[in-house]
Amino acid sequence: MSFIFFAWVASVVYGLEVIISKIVTRHLISNLWLFNFLWLFWILVFTLPVAIINGVTLPHSWWKVLAAGIFYALGSLLYIFSLYRLDVSVVAPLYSTRSLFSLILGVYFLKEPLSISQIVLILVTVASSVLVTYEESFNAKSFLNSTIFIAILGIFFNSLMSAFVKEGVAESGYWTVSLLMPFISQVFLLITLPKFAKDLRRVSLRSHLAIMFIAFFGFLGTLSANKAFAGSVSLTTVILSVPFSMVITFVLGSIWPNLLEKHTLKVYGVRFTAAAIMIVCGVKLSLM
């Protein structure tokens, strides 16, 4: 199958994962360090048996797999940090700025061929991502705040991760990278243990099951994304930026106002217009 197919699968799955993660972080687990560690732990648990069945081996080149795992850990941690502090309908589309980083990495470092039309569509997608952060008191100052900066830094780490995934898969194989990346990430995140050690013993069965459910979506999304990154980092990233979670958030917020964030129709109008532009660009890119 084409890498485009796996990119769209990952985009839809990640959209669902964002929604469920926001609900759990808002209503069940207040410690972001704990949530991040358990979330990535269960992704590793789900990946392990599948990778073994498919004949995972040791990598031919360790440093690229190590880099992918460390950037995966850093990107995931900053993603969870921003998810705790920003609306879902801001966080998910904001990650389209990853397209710009991936464009630079893909063209100049990975030597991925892109036409002028594709580059223009990617830049339009990135520009539209600014409007999806629109809210009632929107201004330049509200956009350029510390949480937005942290989210963008996490996006940059994710872009670096995807570049090393492509290189690692080419050298060591798909299943080797797909297993070792979350394993290295989990080992790296042990340095955050003091931040959640006390709370770890108090996690309820309900919370564990909720995180396992989220991790299953993360497991499916990561496997699909890795497959897509092996084909093209630039185009895959644009498709991953399509904000499916925004639509789901709007529907759930209309039915259950206290479940997720709730805004005026004007705010959602601006955000949906920007999201529609991003979706059109993503579809056009996938058909080129």
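The values are calculated or read from the model by the stated rules, or taken from the named source; none is laboratory data. This one's a predicted model, so the numbers in the text were calculated from it and none came from an experiment. Counting neighbours? That spans all protein chains shown, and the Cβs are built from the backbone with ideal geometry, glycine included.
For the reader, a short list of remarks on this structure follows.
Conditions tested, residue by residue: (1) at pLDDT 75 or above; (2) touching a Ser or Thr at 6+ places or on another chain (Cβ under 6 Å); (3) over 24 Å from G75 (Cα atoms); (4) surrounded by 15 or more Cβ atoms within 10 Å (Cβ to Cβ).
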position: A230; (1), (2), (3), (4): yes, no, no, yes
position: S234; (1), (2), (3), (4): no, yes, no, yes
position: G253; (1), (2), (3), (4): no, no, yes, yes
position: W256; (1), (2), (3), (4): no, no, yes, no
position: L265; (1), (2), (3), (4): no, no, yes, no
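- Search result, residues across region 157-175 that are surrounded by fewer than 20 Cβ atoms within 10 Å (Cβ to Cβ) and aromatic (F, W, Y): Y174
- Residue in region 88-110 that is on the phi > 0 side of the Ramachandran plot and at pLDDT below 80 present: no
- Condition met for F71 (over 14 Å from the mean Cα position of the chain (by Cα) and either modelled with pLDDT under 85 or within 20 Å of S178 (Cβ to Cβ) (or both)): no
- A Cβ distance below 6 Å, combined with a sequence gap of six or more or placement on separate chains, defines the contacts here; from region 165-191, residues that are in contact (Cβ under 8 Å) with a residue 40 or more places away in the chain reach residues that are of a type in the set (D, E, K, R) in the pairs E167/K64; G168/K64.
- Any hit, region 27-42, residues being at pLDDT below 85, part of a helix (DSSP H, G or I) and more than 20 Å from T236 (Cβ to Cβ): yes
- Hits in region 2-25 - residues which are within 22 Å of C281 (Cα to Cα) and among the hydrophobic types (A, V, I, L, M, F, W, C): F3, I4, F5, F6, A7, W8, V9, A10, V12, V13, L16, V18
- Residues located in region 173-208, provided they are modelled with pLDDT of 90 or more and polar (S, T, N, Q): T176, S178, S185, Q186, T192
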